[in-house]
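Written out below as structure tokens is the structure these notes cover.
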Amino acid sequence: MALSPHLRERLLRQLDTLSDERAYQVLDYVEFVTSKYGAKEPVSTANIFTRFTDGVEDTLRAGKVSATAISETLGLLNRAAGVLSGVAAAGKSVASDIVTGVSSAAKPTTSETPATTSPPVDPNAPPPPTGAQG
């Protein structure tokens, strides 16, 4: 069940006014409410990098690392994700170019299309007639 856009925006406006320490308290409360009243089926809409980042964050929080240090660490991870996304996009582009090049090389162009040829000539066959006989 998704939040209404208005409520989501209102919550975000309130969260923007909080320090990281207070925002983590809100996150703890939201996770508590979700575990108690949320949907019973797991929500796996997050990509693998997001789940990894959440795991790192939870581990740091469990280790009583300061909110500032956690925030800086997550900022670094997000920048790394941006770099990896760029690398992945570049890789896809190169792969697409290679596939395009291979598929266009496999198609014969008009200069490579074989001309229609007559059947092979048998050297033992009699010569064809050369004109009208009569």
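None of the figures in this text is laboratory data; all of them are computed from the coordinates on show. It should be emphasised that the depicted structure is a prediction, and the values quoted were computed from it without experimental measurement. Cβ: placed from backbone, ideal geometry, glycine included. Neighbour counts: every protein chain shown.
Points to keep in mind about this one:
- Taking every alpha-carbon pair within the stretch 46-103, the share separated by more than 14 Å comes to 66 percent.
- Net charge in the neighbourhood of Ala62 (other residues with Cβ under 14 Å of its Cβ; Lys, Arg +1, Asp, Glu -1) is -3.
- Size estimate for the stretch 1-43 follows the Kirkwood approach: the inverse of mean 1/r over distinct Cα pairs works out to 11.6 Å.
- Extension gain, Val26 to Asp97: 0.36 nm times the residue separation minus the Cα-Cα distance gives 20.8 nm.
- Cβ-derived FRET efficiency at R0 30 Å, Leu84 paired with Tyr37, nearest 0.05: 0.25
- Sorted by Cβ neighbour density within 10 Å, fewest at the top, the residues Tyr37, Tyr29, Tyr24: Tyr37, Tyr29, Tyr24
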